[in-house]
Amino acid sequence: MHEASIIAELLRIASDECIKNGFSKIDSIKVVVGRATGVMTDALLFAFNILKEDTPAKEASLIIEEVPVRGVCKDCGNEFESNENYLIFECPRCGSFSVILLSGKELNITEMEVSK
Ligand SMILES: [Zn+2]
């Protein structure tokens, strides 16, 4: 499961940061997930609730902020935004696949609350 390996990595980074800064407990982790990543947020939460056991984040909540896909077409200049969870980008105006992605590939921790 793709989401489980993402969560495992995220928990590793968060735990390292927490301990390195002298804290012992993670209260919450906020992540941004771009819709162009193809990651399912339900699967992320599911994996998080299983994998957080035996880490400093075992009582933490995961807050997911989804970022819509935004792109601009190289052929007609059309700028568009989509909440579809898709991986192939087609200009909704002219059908071109020459699309520059402006956002939607994000997948990282933006905030973390920790305590002693
Ligand atoms: Zn276009």
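The values are calculated or read from the model by the stated rules, or taken from the named source; none is laboratory data. Being a predicted model, the structure only gives us computed values, none of them experimental. Here Cβ is always computed from backbone atoms with ideal geometry, including for glycine, and neighbour counts include all displayed protein chains.
Miscellaneous remarks
- Selection over the stretch 9-27 of residues that are closer than 30 Å to residue 101 by Cα, over 13 Å from the mean Cα position of the chain (by Cα) and of a type outside the set (A, V, I, L, M, F, W, C) gives a count of 1.
- Once the stretch 102-116 is narrowed to residues that are part of a strand (DSSP E or B) and under 16 Å from the mean Cα position of the chain (by Cα), the residue that is surrounded by the most Cβ atoms within 10 Å (Cβ to Cβ) is 112.
- Residue match in the stretch 83-103 (condition: farther than 20 Å from residue 5 by Cβ, basic (Lys, Arg) and without any contact (Cβ under 8 Å) to a residue 40 or more places away in the chain): yes
- The lone exception for residue 105 - which of (1) at pLDDT below 95; (2) within 16 Å of the ligand (Cβ to nearest atom); (3) among the charged types (D, E, K, R) it fails: (2)
- On the stretch given as the stretch 42-99, residues that are basic (Lys, Arg) and touching a helix residue (DSSP H, G or I) at 6+ places or on another chain (Cβ under 8 Å) total 1.
- Residues satisfying the criterion are present in the stretch 51-73 (criterion: more than 16 Å from the ligand (Cβ to nearest atom), at pLDDT 95 or above and of a type in the set (S, T, N, Q)).
- Any hit, the stretch 21-38, residues being at pLDDT below 95, over 16 Å from residue 9 (Cβ atoms) and within 16 Å of the ligand (Cβ to nearest atom): no
- The condition of being in contact (Cβ under 8 Å) with a residue 12 or more places away in the chain and touching a Ser or Thr at 6+ places or on another chain (Cβ under 9 Å) holds for only one of 52, 74, that being 74.
- Of all residues in the stretch 6-49, those being without any contact (Cβ under 8 Å) to a residue 60 or more places away in the chain and either within 24 Å of residue 84 (Cβ to Cβ) or among the aromatic types (Phe, Trp, Tyr) (or both) number 11.
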